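Chemist: Before we start, here is the structure in question, set down as structure tokens.
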2 protein chains.
Amino acid sequence: SIHKLELKLEMLEKGGYEHFMLKEIHEQAFTVRDCMRGRIYPNEGKIQLGGLKDFDEKLKTANRIIIIACGTSWHAGLVGEYLIEEYARIPVEVEYASEFRYRNPIISENDIVMAISQSGETADTLAALEIAKERGATIFGICNVAGSSITRFTDAGVYTHAGPEIGVASTKAFTAQVTVLTLIAFYIAQLKEKIKPDAMKVLLTELDSIPDLIKECLKTEEATKYIAQDIKDINNSLYLGRGIGFPIALEGALKLKEISYIHAEGYPAAEMKHGPIALIDEGFPVIVIATKSSSYEKVVSNIQEVKARKGKVIAIVTKGDVDVRKSADFVIEIPDADDTFLPLLATIPLQLLAYHVALLRGCNVDQPRNLAKSVTVE
Amino acid sequence: SIHKLELKLEMLEKGGYEHFMLKEIHEQAFTVRDCMRGRIYPNEGKIQLGGLKDFDEKLKTANRIIIIACGTSWHAGLVGEYLIEEYARIPVEVEYASEFRYRNPIISENDIVMAISQSGETADTLAALEIAKERGATIFGICNVAGSSITRFTDAGVYTHAGPEIGVASTKAFTAQVTVLTLIAFYIAQLKEKIKPDAMKVLLTELDSIPDLIKECLKTEEATKYIAQDIKDINNSLYLGRGIGFPIALEGALKLKEISYIHAEGYPAAEMKHGPIALIDEGFPVIVIATKSSSYEKVVSNIQEVKARKGKVIAIVTKGDVDVRKSADFVIEIPDADDTFLPLLATIPLQLLAYHVALLRGCNVDQPRNLAKSVTVE
């Protein structure tokens, strides 16, 4: 009966969901909101990041930002690169922590090094920070776990406030990292006056509405369940995206790998022609981020190339899309939003798709084989 | 009989090899030599690059180098990043041409943008250069085809002199690109006096011996044939490397993808724990660059992790290696050399392995399905 009690307790902790991962996917509308709370002021077009305010001068004059991370956090870093370069106009380099630490990295006192780690305990990331600190860089942390090693080691940081994440495959921690990086991009832009106050109001108002749009994205669950039935027996897949959709393709592929053990690989869509397209034959599944954006036409043409080789296309599209629907085998609709916020939306159906495929394959979703929640050894 | 004559002619052009690709793999000892001819002076510890000499001041004071490329050339770019950062101490960013051109890239007049393209006609790369030029950057080309669009558009450049490459999957053009990038890294280091003359003599003497070591690497063909028999029916594989071995893992995986249609993916070895290790079960093939280097011990431990999950390990090792042999299923020995030159050596057995696997699978090695030799449209 102790066992029974424990099971009941676990059910309570899962909030009625079958797995922690599913619970954490569904929590994202709230965790993204929590992450913004007290930080954005849409009516005033203002953003505040208490954790960074002592470093305003440093941020204004930074020569370069180097983002260091592993795994899912590295994908968040790639999103950060797009947003910080776009809005704050500072060159950003994203490095694998394990590669950075064993090189002789070029770091100066005008560089800012940002580490991203859910647990704040990732061994390679911590070791990379030690090198960056030795060389005089200012070091920031973007972590979820308060008081963790990385948060204690860094000069400053911004918490992701996503709450404890139990599922080994990261979901809500990822979207919270992306939210923090969006805030940082806007914050530096504000400091450097790269975004006009009116434009900032528009951006922050839209950001403020993202949690509601995430709720809309969660309604794609039925569609992902249906598609999961169709693709559950695949051995391989490609995930394609362009621009800010590229890191989302990488993250979507990683989720499928981690929990369903299907070999999925992310690529920038235009690179397909430089090799991966050779893989595509009848029924080969290609998941494409094909939402409305400046590169929409190009993505549509990539989809047609896949279809010309009889591949199977599953496309994430903007609500009301007409063109992609004509050639794709399956479409998943997400709400319209500025490209800036795409990662917070398009990620959701990809998480749900990975979850439902893994479930149908009988995998242990919350504790996939061979994986640990945080990699605290090399 | 015209048909017969054409076939005979083709045989002659193939120099007795069954395919252009195999011929081009075997040519590499000579093409790498051709690429260095007249450019290195080992006895004097001097390097000359006529194509760049008008830009010596620019190279000495460059703030950043941005390398733009697609596919195999992008992998050469990653090798260039390691070498230029290591020797010339200039931050390098490697960008997919298709991504660079559709962003609003941060480029200044103190930046040098280098495009890498075998054909010199890659559409995305050319378009990216146009943007870089508009923004005032100095633009260089690293091309194989003389007089091509990119060579005409750039301010300066260095030819790879690999001769015509017929096989669609790039081999000798890649090692020639890597050779040029090695020369450029040393050349900037010489300009900036970052390498002492004695050290430069040692490096150039070793570089001068690389064509002979490539001949040694070509002797791995028997080993790769044997391994190809064992893995010809696989559906998936991972390629792992660390440091300068990481881009080689990416390139090895791309070769297998392109010509054998097996889904192969490259990863920095330490990232395995952050997701891909979930794929590994009994017999899952993992190809590892495990030559002697500062990260050797770490790679050995990555191999043990794969073996603990009953994966199949094929390791590229340094001649005389003892430790990896204990746990790997297959080892392929290449000659000992400084890590700087690893890409020119470790690439060879990976090309041969891809070739022999494709051959056993009955694939059209020289003209793989869906692929074009140069991607001259978007």
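The values are calculated or read from the model by the stated rules, or taken from the named source; none is laboratory data. Quantities reported herein were computed from a predicted structural model and do not represent experimental measurements. We place every Cβ from the backbone using ideal geometry, glycine too, and count neighbours over all the protein chains shown. Side chains included, ligands, DNA and RNA excluded: accessible areas come from the protein's heavy atoms. Shrake-Rupley method; radii C 1.70, N 1.55, O 1.52, S 1.80 Å.
Chemist: Between A:Lys310 and the same site in the other copies, what are the distances in nm, shortest first, taking label points 7 Å from Cα along the C-beta direction?
Modeler: In ascending order, 3.4 nm.
Chemist: Residues of region A:96-114 with accessible area at least 20 Å² lower in the all-protein-chain context than alone (1.4 Å probe)?
Modeler: A:Tyr96, A:Ser98, A:Glu99, A:Tyr102, A:Arg103, A:Asn104, A:Ile106
Chemist: Quick one: with all protein chains in place, what share of the accessible area of region B:106-192 is carbon or sulfur, to the nearest percent (1.4 Å probe)?
Modeler: Values: 1150 of 2280 Å².
In region B:106-192, the share of accessible area belonging to carbon and sulfur is 50 percent.
Chemist: Using a 1.4 Å probe on the heavy atoms of the protein chains only, list every residue of region A:281-300 that has 30 Å² or more less accessible area in the complete assembly than in its chain alone.
Modeler: Residues shielded by partner chains are A:Lys298.
Chemist: Before we go on, tell me the buried accessible area for the A/B pair, both chains summed, 1.4 Å probe, in Å² to the nearest 100.
Modeler: On the way: alone 16260 and 16300 Å², together 27070 Å².
Heavy-atom accessible area buried at this interface is about 5500 Å².
Chemist: Can you tell which of A:Ile231, A:Leu218, A:Ala249 lies farthest toward the positive end of the dipole of region A:198-261, using +1 and -1 charges on the Cβ of basic and acidic side chains (Lys, Arg; Asp, Glu)?
Modeler: So the residue we want is A:Ile231.
Chemist: Which residue, B:Ala173, B:Phe186, B:Thr205, has the largest displacement toward the positive end of the dipole of region B:165-211 when charges sit on each Cβ (Lys, Arg +1; Asp, Glu -1)?
Modeler: The Cα lying farthest towards the positive end belongs to B:Phe186.
Chemist: Still on this structure, I have one more. At 7 angstrom along the Cα-to-beta-carbon line, where would the label on B:Ala127 sit relative to the other copies? Give the distances in nm, shortest first.
Modeler: 4.1
Chemist: Sticking with this one: Let me cross-check B:Arg37: its accessible surface, 1.4 Å probe, with only protein heavy atoms counted, in Å² to the nearest 10?
Modeler: 150
Chemist: Can you tell me the mean projection area, over all orientations, of the convex hull of region A:59-200's alpha carbons? Units nm², please. The partial results should precede the final answer.
Modeler: Numbers: hull surface 31.4 nm².
Its average projected convex-hull area is 7.8 nm².
Chemist: Provide an ascending nm list, one decimal, of label-point separations from A:Ala146 to the equivalent residue in each further copy; define each label point as 7 Å from Cα along Cα→Cβ.
Modeler: 6.9
Chemist: Still on this structure, please answer the following. Keeping the other protein chains in place, figure out the carbon and sulfur percent of the accessible area of region B:308-358, with a 1.4 Å probe. Don't jump to the answer; show the numbers that get you there.
Modeler: Values: 700 of 1540 Å².
Exposed carbon and sulfur together represent 45 percent of the surface.
Chemist: Can you pull out the trypsin sites (Lys or Arg not before Pro) in region B:240-311 that DSSP calls coil and that have at most 11 other Cβ atoms within 10 Å?
Modeler: Passing sites in region B:240-311 are B:Lys310.
Chemist: Would you mind calculating the relative contact order of chain B from Cα pairs under 8 angstrom and at least 6 residues apart, reporting the percent as a whole number? Display every interim value, and only then the final one.
Modeler: Numbers: 751 pairs, mean separation 72.9, N = 378.
Result for chain B is 19 percent.
Chemist: Report the convex hull volume per residue for chain A, counting only C-alpha atoms, in Å³.
Modeler: Details: hull volume 53.3 nm³, N = 378.
Considering the Cα atoms of chain A, their hull volume per residue is 141 Å³.
Chemist: Using Cα centres only, tell me the gap between region A:243-296 and region A:151-213 in whole Å.
Modeler: 25
Chemist: What does the helix-only formula give at 222 nm for chain A: each DSSP H stretch with n ≥ 4 adding -39500 (n - 2.57), the total divided by the residues, and the result rounded to the nearest 500 deg cm²/dmol?
Modeler: Working: 15 runs with 174 residues, N = 378.
That calculation yields -14000 deg cm²/dmol at 222 nm.
Chemist: For region B:238-372, report the % of Cα-Cα distances exceeding 21 Å. Let's see the in-between values first.
Modeler: Numbers: 3368 of 9045 pairs.
Counting every Cα pair in region B:238-372, those more than 21 Å apart make up 37 percent.
Chemist: Principal axis lengths of region A:84-124 from Cα atoms, whole Å, largest first?
Modeler: On the principal axes, region A:84-124 reaches 30, 26, 16 Å in Cα extent.
Chemist: For A:His356, what is the net charge nearby, where nearby means another residue's Cβ is under 9 Å from its Cβ and Lys, Arg count +1, Asp, Glu -1? Kindly include the intermediate steps, with their values, before the conclusion.
Modeler: Working: positive: A:Lys225, A:Lys232; negative: A:Glu221.
Around A:His356, the charge tally is +1.
Chemist: Could I ask something else about it? How are the C-alpha pair distances of the protein assembly as shown spread across 20 Å bins, as whole percents from the shortest bin up?
Modeler: Values per bin, smallest distances first: 17, 53, 27, 3, 0.
Chemist: Moving to a separate point now. Quick one: putting +1 on the C-beta of Lys and Arg, -1 on the C-beta of Asp and Glu, what dipole do you get for region B:103-222 around its Cα centre, in Debye to the nearest 20? Don't jump to the answer; show the numbers that get you there.
Modeler: Details: 11 positive and 16 negative charges, 49 e Å.
That gives a dipole near 240 debye.
Chemist: So, one more: What number comes out for the charge environment of B:Arg242, summing +1 per Lys or Arg and -1 per Asp or Glu over other residues with Cβ under 9 Å away?
Modeler: Values: positive: B:Lys298; negative: A:Glu99.
Cβ neighbours under 9 Å give a net charge of 0.
Chemist: I'd like to check one number: the per residue accessible area of chain B, probe 1.4 Å, reported in Å² as a whole number.
Modeler: On the way: 13550 Å² over 378 residues.
Computed with neighbouring chains in place, this is 36 Å² per residue.
Chemist: Taking only Cα atoms and a 10 Å spring cutoff, compute GNM fluctuations for chain B and point out the largest among B:Gly241, B:Gly71, B:Gly275.
Modeler: Residue with maximal mean-square fluctuation among B:Gly241, B:Gly71, B:Gly275: B:Gly275.
Chemist: What is the local net charge at B:Ile195, summed over the other residues whose Cβ is closer than 12 Å to its Cβ (Lys, Arg +1; Asp, Glu -1)? Walk me through the intermediate numbers first.
Modeler: Working: positive: B:Lys46, B:Arg89, B:Lys192, B:Lys194, B:Lys196, B:Lys201; negative: B:Glu86, B:Glu193, B:Asp198.
Net of charged neighbours comes to +3.
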